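Quick note: the coordinates plus some simple rules give every number you see, no bench work behind them. Every value quoted in this text rests on a predicted model; they were computed, and no experiment measured them. In this analysis, Cβ positions are derived from the backbone assuming ideal geometry, glycine residues included, and neighbour counts consider all displayed protein chains.
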Amino acid sequence: MAEIIIKNIRKQFGDFVAVQESSFTVEDGEFFMLLGPSGCGKTTTLRMIAGLELPTSGEIFLDGEEISQRPPSARDIAFVFQMFALYPHLNVRKNISYPLVSQGMSKSKIKDKVSEVAGILGIEDILNRPVGGLSGGDRQRVALGRAIVREPKAFMMDEPLGALDAEFRERMAEELRALHDRMGATTVYVTHDQLEAMQMGDKIVVMNNAVVEQFGTPREIYDKPATMFVADFIGSPSMNFLDFEGKLAENDTQVELSGTVLNIPALREGAQGKLSYGVRPEHLQFSDKANFRGEVIASEYLGTTQIVTLDTACGMLKARIGSDQKATVGEKVGLNVNSQTVTVFDRSSGQALKSALNEGVVGNG
Amino acid sequence: MSSFSVTDTSSRTKRIAGTLVIVYALITMLPLVWIGATGFKSPADAISYPPKVVFSPTLEGYVNLFTTRTRQTQEYLQNNPPTNWADEIVRQYDMVIVGPSKFGERFLNSVIIGFGSTFLSIFLGTLAAYAFSRFKIPLADDLLFFILSTRMMPPIAVAIPIFLMYRNLGLSDTHLGMILLYTAVNISLAVWLLKGFIDEIPREYEEAALIDGYTRFQAFYKVVLPQAATGIASTAIFCLIFAWNEYAFAVLLTSATAQTAPPFIPTIIGIGGLDWPAVAAGATLFLLPVMIFTIMLRKHLLRGITFGAVRK
């Protein structure tokens, strides 16, 4: 098992830059998520680690060894494809044993290994079946079996749950995470689903437009977004942005939006021009006394909570409040903001201003 | 109102469709049946009018196809009794068998040249098609067009340059020469057909094989080739049919050594009058290899082996 260090990696296809100088570290045994919208370069990054693409520049270290220009067969990294890519002309057993055959392992040893892996994945009874007729979940397990049977240094997974039905995804996600915890293998996992990333990952890299936006634990990424993109991409409904213009100095703890004064965590840098005040829906509470007021436009009932859309003097807001509270359309309510969770962004650069909240956050700045 | 379905057809529609297919099959089969039957007719039955549908079968045609015969005196015939059943058949015309004809040899030439050029076309075509399908080749589109453009004129239009070229290179009337010629004609078809088939095979399979520790070439023949079997089989059938039936170049470029069956069969007519049963027998035998080859590969043509392994 191994640590993977990505250093200033870059990939260009002709004039198109798929990945811009990106760096991050996957620690030994981590379940590491590459998250971003489609076309952001996350899959290209994964393929470069596996050796299916060679980086234009930059270095990749696996266990201290520089591997960026090696062919995939010389990297000892397994890959689980989104569409599984099981060899259709071979049965389940042969599919799983394929990587071992290439290593020249003896037949009896291969048999033992395949049985062991089949036991772990619970697919002993389908070993002699052709792969064509298998259900999505079983194909997924066979693809995983083919990856784990060789005991590689690391696993690459390219949206492995993307091809499964919704009801099955959750179960497979749990199985995957359990399998990872049991084997302790370093895993890099690509997904565009923020929930999947938050639920399964130890660490997350958020990518957008070929650039790493932020790198950190799910909690860090959610609570302390480094850029407006991350704040918007993670969380449902996403963070509220109240745009304003003004001038802020270091150590400021208040901003003024259309006449309303709101508290913020102490700033560690000054800024001016187009700014944005970012607050997550669950950090807003109804409060009759508050002087920040808005009119209820709509309410979506979600069981334990409800999402209330409000029209305020500073712009539209969504608040997540308990469903026991009353929110009547047309009613004017006061809003309390949990000010220690607020992030102020510079709209021209998209970056979060450094503050007491987000010290130590690794963004793209 | 009765419901209408695309897949469930009424029994009346089915009967009409079935009848049409059978009628069509009978029409296309008729010449083949006629050739097959004529091979077993006596020369008199073969040319009788109205044509005989019921006749007493004889192997005369086949004996005449495979032998050369000569007329003998009654005295000779009485002193030398027939040595085998074939000899007995030709004796009714006061003839004796003096040796084998060239048909066996010509047939073998057809097999060597037909299958040889098919193998070579498929071998080169598959490699080229794979390269065009998977690698970034400068001017790939122009090259593909150039390859196809060799098919835009009838091959026989270049017969004279090829004839002169082959004479100078010493390729005239050789098996190698004919194999190369038919390969050159077939390869454009092979590259284009196979490229289409290989384009359909998802790259993930090869990438999975690369990850699993195989080289690119191993990935090609262990993973891509089995997937392309269907395409290779149908392309091989097309190539064989062309090489097997080709007549014009064979007449022009082959004579004593490498002559194939198509230019040979008409020459039978010249030996001792219009021997239609022998010509029909030759044509029947000539049809068999392509038929057998097609039937052998039929399961590849029909079997979609990639079903469902990659979800789309």
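Overall, the stretch B:103-251 carries a charge dipole of about 200 debye about its Cα centre when +1 sits on the Cβ of Lys and Arg and -1 on the Cβ of Asp and Glu, all other atoms neutral. Of all aspartates and glutamates in the structure, the ones whose alpha carbon falls short of 18 Å from that of residue B:195, not counting any fewer than 8 places away in one chain, are B:141, B:142, B:204, B:206.
For chain A, relative contact order (Cα pairs under 8 Å, six or more residues apart, normalised by length) works out to 16 percent.
Proximity of backbone amide H atoms, modeled 1.01 Å from N, is registered between residue A:227 and A:352 at under 5 Å, excluding neighbours fewer than 5 places apart on the same chain.
Toward the positive end of the charge dipole of chain A, with +1 on the Cβ of Lys and Arg and -1 on the Cβ of Asp and Glu, the farthest Cα among A:188, A:126, A:152 is that of A:126.
Explain nothing, just the number: relative contact order of the stretch B:104-302, from Cα pairs under 8 Å at least 6 residues apart, as a whole percent.
Working: 185 pairs, mean separation 64.9, N = 199.
It comes to 33 percent, rounded to a whole number.
Among DSSP bridges having both ends in the protein assembly as shown, what percentage is antiparallel? Round to the nearest 5.
80 percent
Return the average number of partner chain Cβ atoms within 10 angstrom of each residue Cβ along peptide A:86-94. If you can, show how the numbers build up before the last one.
Details: counts 6, 9, 13, 10, 4, 0, 0, 0, 0.
Other-chain Cβ atoms within 10 Å of each residue's Cβ, averaged: 5.
Each Lys and Arg Cβ is given +1 and each Asp and Glu Cβ -1; about its Cα centre, the protein assembly as shown then shows a dipole of about 2200 debye. Using only the alpha-carbon atoms, how far is helix A:107-121 inclined from the longest principal axis of chain A? Give it as 0 to 90 degrees, nearest 10. Once rounded, the angle reads 30 degrees. Across the stretch A:51-63, coupling constants 3J(HN,Hα) worked out from phi with the 6.51/-1.76/1.60 Karplus curve, θ = phi - 60°, read x, 7, 10, 9, x, 5, 8, x, 10, 10, 10, 10, 6 Hz, and Gly and Pro carry x. Neighbours of residue B:80, meaning other residues whose beta-carbon lies under 11 angstrom from its beta-carbon, give a summed charge of -1 when Lys and Arg score +1 and Asp and Glu score -1. Mean per-residue shielding of peptide A:169-177 is 0, counting Cβ atoms of other chains within 10 Å of each Cβ.
To the nearest 0.05, what FRET efficiency results for residue B:292 and residue B:59 with a Förster distance of 22 Å applied to their C-beta separation?
It comes to 0.55.
Run the dipole for chain A about the Cα centre, Lys and Arg Cβ at +1, Asp and Glu Cβ at -1, nothing else charged, and hand back the magnitude in debye, nearest 20.
920 debye
Close amide H contacts of residue A:270 (hydrogens built in the peptide plane, cut-off under 5 Å, sequence separation of 5 or more or a different chain): A:250. Annotation: lysines with alpha-carbon distance below 21 angstrom to residue A:109 (same-chain offsets under eight excluded): A:94, A:153.
Per-residue mean of foreign Cβ neighbours for A:72-82 is 4 (Cβ atoms of other chains, 10 Å radius).
Shape analysis of chain B places it in the oblate category; the axes a ≥ b ≥ c from the Cα gyration tensor give an a/c of at least 1.5, with a/b not above b/c. Put simply, the amide H of residue A:33, placed in the peptide plane, has neighbours under 5 Å in A:189, A:202, A:203, A:204, A:205, leaving out anything fewer than 5 places away on its chain.
Along the stretch A:166-183 the Karplus relation, 6.51 cos²θ - 1.76 cosθ + 1.60 evaluated at θ = phi - 60°, assigns HN-Hα couplings of 3, 5, 7, 4, 4, 5, 5, 4, 5, 4, 4, 5, 5, 4, 5, 4, 6, 8 Hz to successive residues, with x for each Gly and Pro. Springs between Cα atoms under 10 Å define the GNM used for chain B, and in it the highest mean-square fluctuation of B:235, B:183, B:13 occurs at B:13.
Order of A:25, B:257 from fewest to most other C-beta atoms within 10 Å?
Least to most surrounded, the residues fall as B:257, A:25.
Which of A:60, A:321, A:148 ends up with the largest GNM mean-square fluctuation for chain A, with Cα atoms connected below 10 Å? Highest fluctuation among the options: A:321.
When you count the other C-beta atoms within 10 angstrom of each residue and take the mean per peptide, A:179-185, A:79-85, A:216-222 line up highest first as A:79-85, A:216-222, A:179-185.
Indicate the gyration tensor shape class of the stretch A:205-302 (rounded, prolate or oblate), computed on the Cα atoms with a ≥ b ≥ c the square roots of the eigenvalues: a/c under 1.5 is rounded; otherwise a/b larger than b/c is prolate and the rest oblate. Verdict is oblate for the stretch A:205-302. For chain B, modelled as a GNM whose springs connect Cα atoms under 10 angstrom apart, the maximal fluctuation among B:139, B:193, B:181 occurs at B:139.
Maximal additional length on extending the residue B:74-residue B:47 stretch stands at 6.9 nm, based on 0.36 nm per residue less the C-alpha distance.
Put in order of Cβ neighbour count within 10 Å, fewest first, the listed residues B:11, A:236, B:101, A:323 become B:11, A:236, A:323, B:101.
Based on other C-beta atoms within 10 Å, arrange A:40, B:239 from fewest to most.
Placing the least packed residue first, the sequence is A:40, B:239.
Sum up the charges of everything whose Cβ sits under 15 Å from the Cβ of residue B:240, counting Lys and Arg as +1 and Asp and Glu as -1, but leave residue B:240 out. Result for the local shell: 0. Within chain B, which complete DSSP H helices have Cα atoms spanning at least 18 Å along the helix axis and a mean Kyte-Doolittle hydropathy of -1.0 or higher? Taking the DSSP H segments of chain B (at least 18 Å long, mean hydropathy at least -1.0), we get B:11-38, B:103-134, B:175-199, B:225-245, B:276-302.
Across the stretch A:308-320, coupling constants 3J(HN,Hα) worked out from phi with the 6.51/-1.76/1.60 Karplus curve, θ = phi - 60°, read 10, 9, 10, 9, 10, 5, 9, x, 7, 9, 10, 10, 9 Hz, and Gly and Pro carry x.
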